[in-house]
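Engineer: Sharing a structure with you now.
Quick note: the coordinates plus some simple rules give every number you see, no bench work behind them. Just so it is clear, the structure is predicted and the values come from calculations on it, not from any experiment. For neighbour counting, all protein chains shown are included, and Cβ atoms are generated from backbone atoms with ideal geometry for every residue, glycine included.
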Amino acid sequence: MIGRFILRLVLIVIAVSVALGAAAMAGMFLFYQNEIVPRAEVEFEIMDSFFDLAYVSIVTFTLTGQLTLLPAVLAIAAAEAFRLRGWVFYGAAGAVIASAPIILSGPVGLDPIDTQYLASAAAAGLAGGLVYWLLAGRSAGEWWSGSRSLS
């Protein structure tokens, strides 16, 4: 049982890392597509833009982890405890967790930028939640008994 628990923890850490990366990449793409993050006016050399993209990716991944890691750990702990394995739970939890910092930071009005920002964050969280579900969520709680229960 302890061996299965340790393997499960390793799988959860890997799945959370990959899911955070997927959410950060989806968020960067959506924010760029919606022009929430202003596009550069100057053409860069290929290497310059590669290093800029790498820098922005690292910063985005770090901020995504800082803002969402604790709520994600709580959602994962609840899913493990109650053996929640449905993709809807993980997608909804990801969307809510990614949207929460925006909603809690102040009033989100009907300004199109606010709603685009909120929708992009929710979609990025949805992507991260579904990636986590694919890697680890489908087998939540199995380490308790070793047998599959109802989904």
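Engineer: For labels at ILE103 and LEU118 in the simple 7 Å Cα→Cβ model, what's the distance in nm?
Structural biologist: So the two model labels end up 0.8 nm from each other.
Engineer: List the residues of the stretch 1-33 whose backbone N lies under 17 Å from a point placed 7 Å from the Cα of GLU142 along the Cα-to-Cβ direction.
Structural biologist: Within reach of a label on GLU142: 1-16.
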